[in-house]
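Taking it in order: structure first as structure tokens, then the write-up.
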Amino acid sequence: MSSQYSNVENLSPQTIRQVMKELQDMETTPPEGIKVLINESDVTDIQALIDGPAGTPYAVGIFRVKLTLSKDFPQTPPKAFFLTKIFHPNVAANGEICVNTLKKDWKPDLGIKHILLTIKCLLIVPNPESALNEEAGKMLLERYDDYSQRARMMTEIHAQPVKCGVSDAKEDDGPSNKKHAGLDKKLQDKKKEKLLKEKKRMLKRL
């Protein structure tokens, strides 16, 4: 924790203001499928929730990512990590993300929004040529169906929304709504049970 706080002290007030402004703009007008989580006590610790893009093995998931700004930001790129477990060629076992935008293609004026959009694009178009997860990269190139199945399974196990239907319940907390919520929960529990049994069978086969 202390190193993160020292980064705040090392960043120029101008950089801190710029980062906060960008985060607040993204909170007010979020990019599609991305929700920033602002930590006002430490702007060098940026987290966001990214919806798995439709038409990909990640479609049913919500993925938590973290950007860590170095004291030289924006001259040097931040480090990016998936905090949610994911099976993806460009994500290492520790969650670190490998993407050219955060390496050789970095420019100081790119900004936080651009990085988060790039990470979302990586879920749509992985780059097996610069794989941090070699198994996923090889599988993507040679056996796409197996890759897709494994990625989807990891998504269903690790990237499920924690609170289903909370916003709906807040809007209308009447008895009928609670009854529906109870029925929905029973159905979801049954579906989850069935899915987990299927997943265990599949994992035995892999």
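The values are calculated or read from the model by the stated rules, or taken from the named source; none is laboratory data. All figures in this text were calculated on a predicted structure; none of them were measured in a lab. Positions of Cβ are backbone-derived with ideal geometry, glycine not excepted, and every protein chain shown enters the neighbour counts. The accessibility values were calculated without ligands, DNA or RNA, using every heavy atom of the protein model including side chains. Shrake-Rupley method; radii C 1.70, N 1.55, O 1.52, S 1.80 Å.
Could you tell me whether residue 21 is within 18 Å of the chain's Cα centre (by Cα) and on the phi < 0 side of the Ramachandran plot?
Details: within 18 Å of the chain's Cα centre (by Cα): no; on the phi < 0 side of the Ramachandran plot: yes.
Spelling it out, it is not the case that residue 21 is within 18 Å of the chain's Cα centre (by Cα) and on the phi < 0 side of the Ramachandran plot.
Can you say whether residue 36 is modelled with pLDDT under 90 and either open to solvent by 10 Å² or more (accessible area, probe 1.4 Å) or not in a helix (DSSP H, G or I) (or both), as far as the supplied structure shows?
Details: modelled with pLDDT under 90: no; either open to solvent by 10 Å² or more (accessible area, probe 1.4 Å) or not in a helix (DSSP H, G or I) (or both): yes.
Criteria not met by residue 36.
Any residue in the range 129-144 that is under 20 Å from residue 94 (Cα atoms) and open to solvent by less than 100 Å² (accessible area, probe 1.4 Å) sitting within a Cβ distance under 8 Å of a residue that is modelled with pLDDT of 95 or more and of a type in the set (D, E, K, R)? List the pairs, counting only those 6 or more apart or interchain.
Between residues of the range 129-144 that are under 20 Å from residue 94 (Cα atoms) and open to solvent by less than 100 Å² (accessible area, probe 1.4 Å) and residues that are modelled with pLDDT of 95 or more and of a type in the set (D, E, K, R), the close pairs are 131/138; 132/96; 136/150; 139/146; 139/150.
Quick one: in the range 53-67, of everything that is more than 14 Å from residue 121 (Cα to Cα) and open to solvent by 30 Å² or more (accessible area, probe 1.4 Å), which residue is farthest from the chain's Cα centre (by Cα)? Before the answer, list the steps.
Just the residues of the range 53-67 that are more than 14 Å from residue 121 (Cα to Cα), to begin with: 60-62, 64, 66-67.
With open to solvent by 30 Å² or more (accessible area, probe 1.4 Å) added as a condition, the list becomes 60, 62, 64, 66.
Values: 60: 12, 62: 6, 64: 4, 66: 8 Å.
Filtering first and then ranking leaves 60.
Do the conditions hold for residue 169, that is, is it modelled with pLDDT under 95 and either touching an Asp or Glu at 6+ places or on another chain (Cβ under 9 Å) or buried (at least 17 other Cβ atoms within 10 Å of the Cβ) (or both)? Spell out the reasoning first.
Values: modelled with pLDDT under 95: yes; either touching an Asp or Glu at 6+ places or on another chain (Cβ under 9 Å) or buried (at least 17 other Cβ atoms within 10 Å of the Cβ) (or both): no.
So residue 169 does not fit the description; no.
Search the range 68-113 for residues being at pLDDT below 95 and in a strand (DSSP E or B), and hand back the single one that is most open to solvent (accessible area, probe 1.4 Å).
So the residue we want is 79.
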